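**Q** Have a look at this one.
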Amino acid sequence: MASNQRKGYAFEALCIFLPYVSHVLGIPSNNFFARIGATNSASLDLFVHKLDFERGKTSVFDEVEMTCSHDEWTFPKVPTVSLEYPAPP
């Protein structure tokens, strides 16, 4: 929905989701990737500038693959937030 765009909701959600996946589920952050439409400048900026992902290859579907090259998930551009997560089922 257009009225919910550019309000930081995706960034906030990813700031909770990515550490959970990394620390609780044990998935290494260097396995994280996202495919984003090449014309979606807002999402590309989010992953490059706020989440510190790197541009990878461009696919045949006019998408850019963003990858996380960090061994441990950190947020270099935002304050660290300490959250306690429930154990996975």
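Each reported figure results from applying straightforward, stated rules to the coordinates on display, with no laboratory input. Everything numeric in this text was worked out from a predicted model, so none of it was measured. For neighbour counting, all protein chains shown are included, and Cβ atoms are generated from backbone atoms with ideal geometry for every residue, glycine included.
**Q** For a quick check: with amide H placed at 1.01 Å from N, whose amide H comes under 5 Å from GLY56's, ignoring anything fewer than 5 positions away on the same chain?
**A** Under 5 Å from the amide H of GLY56 lie the amide H atoms of GLU65, MET66, THR67, each far enough along the sequence or on another chain.
**Q** Separation between the ASN4 and GLU65 pseudo-spin-labels, each 7 Å from Cα along Cα→Cβ, expressed in nm?
**A** Result: 2.9 nm between the two label points.
**Q** Follow-up question, since we're still on this one. For the pair ALA13/LEU25, report the inter-label distance in nm, with labels modelled 7 Å from Cα in the Cβ direction.
**A** 1.4
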